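Visitor: If you scroll down you'll find the structure; I have some questions about it.
The values are calculated or read from the model by the stated rules, or taken from the named source; none is laboratory data. Model, not experiment: these values are computed from the prediction. No Cβ is skipped: glycine too gets one built from the backbone with ideal geometry, and neighbour counts run over all protein chains shown. Accessible surface areas use protein heavy atoms only, side chains included; no ligands, DNA or RNA. Shrake-Rupley method; radii C 1.70, N 1.55, O 1.52, S 1.80 Å.
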Amino acid sequence: MPFVELDTSLPAERLPPGLAQTLCAAAAEILGKPAERVNVTVRSGLAMVLSGSAEPCAQLAVSSIGVVGTAEQNKAHSARFFDVLTAQLGLGPDRIVIRFYPLEPWQIGRNRTVMTFL
C-alpha cells in the first residue's frame, strides 16, 4: 500500500489537470503495485526552500511496504519518478527532491486492523 505525497511551491493553477491520478498510475507502475492500493496527496502553493533557494520546487515522499528498502531499488525508482515529475511539473531535476520510506505491514491501518492481518 504505497503512499505518495507531493509538496510543491507551484500554485495549483500551474499544475496539470489530473496530476494526482497521473502520479497514482505512475507510482503503481514504478513500484509494481496495483493502482487500487496507491494513495496520493498533492499539496501546492506551499512556502518552500530547496537547497537554499525559494525558486519553484517540489518534494516527493514515497512510502511503501517491501519496495523502497534498498539503495538499488530506490535508485531505479528515483530515475523513473524524476522523469514523471520533470515532465508534469516543468521543473528541472535540480529543483526536485525525493524521500523514500520503507514501511512494515503493522505500520498501516486499514479496515479496523493493520495490513499484517489483511
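Visitor: How much accessible area per residue does the chain have, counting only protein heavy atoms and a probe of 1.4 Å, in square angstrom?
Guide: 55 Å²
Visitor: What residue among Pro56, Pro34, Ser78 has its Cα farthest toward the positive end of the dipole of the chain, where the charges are +1 on Lys, Arg and -1 on Asp, Glu, each on the Cβ?
Guide: So the residue furthest toward the plus end is Pro34.
Visitor: Sticking with this one: Just add up the charged neighbours of Ser51: K/R +1, D/E -1, any other residue whose Cβ is under 13 Å from the Cβ of Ser51.
Guide: -1
Visitor: Assuming 0.36 nm per residue, please report the length gained on full extension of the stretch Thr22 to Ala76 beyond their Cα-Cα distance.
Guide: Net length gain for the segment: 17.5 nm.
Visitor: Is it possible to state the helix-based mean residue ellipticity at 222 nm for the chain, with each DSSP H run of 4+ residues giving -39500 (n - 2.57), the sum divided by total residues, to the nearest 500 deg cm²/dmol? What is it?
Guide: Taking each H run of at least 4 residues, the total per residue is -9000 deg cm²/dmol.
Visitor: If the only charges are +1 at each Lys and Arg Cβ and -1 at each Asp and Glu Cβ, what is the size of the charge dipole of the chain around the Cα centre, to the nearest 20 debye?
Guide: I would put it at about 260 debye.
Visitor: Give the Rg/Rh ratio for the stretch 2-117, taking Rg as the radius of gyration of the Cα atoms and Rh as the Kirkwood radius, to two decimals.
Guide: Rounded to two decimals, Rg over Rh is 0.98.
Visitor: On to the next question. Roughly speaking, to the nearest percent, how much of the stretch 2-117's 1.4 Å accessible area is carbon and sulfur?
Guide: 53 percent
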